[in-house]
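Here's the structure, in structure tokens; my notes come after.
The values are calculated or read from the model by the stated rules, or taken from the named source; none is laboratory data. The shown structure was predicted, so the numbers you read here are calculated from the model rather than taken from an experiment. Note that each Cβ is placed from the backbone with ideal geometry, even for glycine, and that neighbours are counted across all protein chains shown. Keep in mind that these areas ignore ligands, DNA and RNA; they rest on the heavy atoms of the full protein, side chains included. Shrake-Rupley method; radii C 1.70, N 1.55, O 1.52, S 1.80 Å.
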Amino acid sequence: MTLSAAMVTDERHGVLAANPLARALYAPLFGSATTLGSGHANLVRYHFLDPGARDFYGDWNLTADMLVASLRTEAGRHPHDAGTRELVGELTTASAAFRARWNTHNILLHARGTKLFRHPEAGRLSLSYHSLGLPVSVGETRQMCVCTAEPGSADEEKLILLASLAAPRPTDGRPGTGERSGPRAGVAGPTMGR
């Protein structure tokens with residue numbers, strides 16, 4: 001999937017894997033002090049605890065509502081999950097915006113829609129997304145979310161730009177010796193094959 005940004009997350013919106021284009025698209029998340037400080041990328045933690053998230057998301061409030069309602073849904077499915085309780089406790093304490101949304105008790109299952117971004121290198125992007133549940137055991141599912149642009153659109157051109165920034169750059173002409181340049185150079189983390 002070279003022209004689609006694909007990311008796999010757990011039930012708490014922790015990022016488990018991302019292809020190179022998703023890492024380029026979500027560069028602010030992966031390079032965030034919030035992410036680096038906690039040791040792994042989490043969409044909800046980034047959204048509510050990193051001030052840069054308000055600049056990154058095209059509709060911060062809508063995304064906030066959806067993330068919290070989705071997390072509330074998962075908390076209802078697994079009420080004794082210690083990781084979810086810890087994340088909710090952390091965010092409830094640290095973010096009034098999260099706390100207000102959590103207290104509405106909204107739940108949400110969503111599999112497709114539009115995501116709006118204000119990317120620091122590509123500018124405004126409007127991407128379609130589709131989520132797919134990936135069962136890993138009888139009671140456990142991971143979510144794969146794939147973001148794509150309308151073919152022939154300015155958004156597709158921006159994704160092509162991000163894909164070129166995410167592509168490995170050869171250093172000495174030998175296969176497999178490339179280094180990354182661009183927005184994620186040197187950022188460690190899980191990736192998905194192309």
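Can you give the accessible area of GLU156, probe radius 1.4 Å, in Å² rounded to 10?
50
What residue among ASN19, ASN42, ASN103 shows peak mean-square fluctuation when the chain is described by a Gaussian network model with Cα springs under 10 Å?
ASN103
In whole percent, how big is the carbon plus sulfur part of the accessible area of the chain, probe 1.4 Å, protein atoms only?
On the chain, the fraction of accessible area on carbon and sulfur atoms equals 55 percent.
Mean residue ellipticity at 222 nm from the helices of the chain, using -39,500 (n - 2.57) per DSSP H segment of n ≥ 4 over the full residue count, to the nearest 500 deg cm²/dmol?
Result for the chain: -11000 deg cm²/dmol, rounded to the nearest 500.
Can you tell me the 0 to 90 degree angle between the C-alpha axis of helix 82-94 and the longest principal axis of the chain, rounded to 10?
It works out to around 90 degrees.
Given Cα pairs under 8 Å that are at least 6 residues apart, what percent is the relative contact order of the chain?
Contact order relative to length: 28 percent.
If I fit a long axis through the Cα atoms of helix 60-77 and take the longest principal axis of the Cα atoms of the chain, what angle between them do I get, 0 to 90°, rounded to 10?
Rounded to the nearest ten degrees, it is 60.
Can you give me the accessible area per residue for the chain, using a 1.4 Å probe, in Å²? Each step should come with its number before you reach the end.
Details: 9900 Å² over 194 residues.
On a per-residue basis, the chain sits at 51 Å².
Shape call for the stretch 1-44 from the C-alpha gyration tensor, a ≥ b ≥ c root eigenvalues: rounded (a/c under 1.5), prolate (a/b greater than b/c) or oblate?
In terms of gyration-tensor shape, oblate.
Suppose every Lys and Arg Cβ carries +1 and every Asp and Glu Cβ carries -1, with no other charges. What dipole size does the chain come out with about its Cα centre, to the nearest 20 debye? Provide the component values of the computation, followed by the final result.
On the way: 20 positive and 18 negative charges, 11 e Å.
The dipole of the chain has a size of about 60 debye.
With all protein chains present and a 1.4 Å probe, how do HIS105, HIS110 order by accessible area, largest first? Walk me through the numbers before you get to the answer.
Details: HIS105 120, HIS110 65 Å².
So the residues, ranked largest to smallest area, are HIS105, HIS110.
In a GNM of the chain with a 10 Å cut-off on Cα contacts, which of THR93, THR114, THR63 has the highest mean-square fluctuation?
Of the options given, THR93 has the highest mean-square fluctuation.
Using the alpha-carbon atoms, what tilt in degrees (0 to 90, nearest 10) does helix 154-166 show relative to the longest principal axis of the chain?
In the chain, helix 154-166 runs at an angle near 80 degrees to the longest axis.
For LEU116, what is the net charge nearby, where nearby means another residue's Cβ is under 13 Å from its Cβ and Lys, Arg count +1, Asp, Glu -1?
Taking every other residue near LEU116 into account, the sum is +2.
Post the alpha-carbon centroid distance, the stretch 1-35 to the stretch 120-161, in whole angstrom.
Here the two parts' Cα centres lie 10 Å apart.
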